[in-house]
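The values are calculated or read from the model by the stated rules, or taken from the named source; none is laboratory data. Note that the structure is predicted; figures quoted are calculated from it, not measured. Backbone-built Cβ (ideal geometry, glycine too); neighbour counts: all protein chains shown. Surface areas here come from the heavy atoms of the whole protein model, side chains and all, with no ligands, DNA or RNA. Shrake-Rupley method; radii C 1.70, N 1.55, O 1.52, S 1.80 Å.
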Amino acid sequence: MTESNPLLDKYMSLDQGERVQVLYVWIDGTGESLRCKTRTMEAEPIEPEDLPVWNFDGSSTFQAEGCNSDVYLHPVALFRDPFRRGKNKIALCETYNFDHKPGVSNHRLSCFQAMENDTVKKSIPWFGIEQEYTLLDKDSHPLGWPKGGFPGPQGPYYCAVGTGNVFGRDVVEAHYRACLYAGVKIAGTNAEVMPAQWEFQVGPCEGITMGDQLWMSRFLLHRVSEDFGYKVSFDPNPCQGTGMELELTPTTVR
């Protein structure tokens, strides 16, 4: 477990008054990595619509050319901030170019439009997703793996307990609690078949909220791992990480 930083704690315990910090989060031009920046608001936002459109330099995130680099952030989902706590929030955002067209990595808009189709809305689609990942050290080596070698064969690691069988549980526990605090609908977690490989489940969620919840859970995992000095890989290559399994929950009319 990481140690508390007394120097940082001294400042984080200060009363921030009525103003709040909102962390804007978005998917960058790779379609995989996440970026973030913070804005001060005069009052606590309750809905995404309470937040203004913002912008960033897309030429530094693989989302625009340097000659016209402004990309705009449109908040679409709001979560509690488990790092700053209090009234502070995290906003997941869609990205739009200067011409108001969706950014290169903004696939959420087309998904939202599909989910808003009358036929789809009447069916009330529910989704659940299993997200597998691998924890790596600063050298991008899976935790618990011998340097220059490979761990023992599959068998003792899945849903395991005990030293030598489990690696990175502190990160897993911290991430789970951060998701619960933020309002992410995390459903469970378990160690997977490879050392340092873990899985968590999100859902069931209705329609477009599934994607919003998944991306926020990924952001929180990266952010928590940063505190512990580890990296996270969602790479489907079993030597570096694992991918994602999608499960469709049977339609339920409520």
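At a probe radius of 1.4 angstrom, the accessible area of the range 159-204 per residue rounds to 40 square angstrom.
Relative contact order of the range 111-169, taken over Cα pairs closer than 8 Å and 6 or more residues apart, is 19 percent.
Residues of the range 22-42 falling in the label zone of F62, defined by backbone nitrogen less than 20 Å from a point 7 Å along Cα to beta-carbon, are 25-37. With the simple spin-label model, which puts each label point 7 Å out from Cα in the Cβ direction, the K147 to Q113 separation comes to 5.3 nm. How many angstrom lie between the C-alpha centres of the range 171-234 and the range 88-165? Taking the Cα centre of each part, the range 171-234 and the range 88-165 sit 8 Å apart. Label point 7 Å out from K10 along Cα-to-Cβ: which residues of the range 63-102 have amide N under 15 Å? So the set is empty, nothing qualifies. List the residue ranges in the chain for DSSP H helices whose C-alpha atoms run 15 angstrom or more along the long axis and whose Kyte-Doolittle average is -1.0 or above. Helices meeting the criterion: 169-182, 209-228. Counting 0.36 nm for each residue step from D99 to R39 and taking away their Cα separation leaves a gain of 19.2 nm. Between the amide H of A160 and those of A191, distances stay under 5 Å, these residues lying 5 or more places away or on another chain, with hydrogens modeled in the peptide plane. Roughly to the nearest percent, how much of the accessible area of the range 1-58 is carbon and sulfur, given a 1.4 Å probe? After summing per-atom areas, the C and S share lands at 51 percent. Within the same chain, lysines fewer than 8 places from K231 are excluded, and of the rest, those with a Cα less than 19 Å from its Cα are K138, K147. Computed per residue of the chain from DSSP H runs no shorter than four, each worth -39500 (n - 2.57), the mean residue ellipticity at 222 nm is -6500 deg cm²/dmol.
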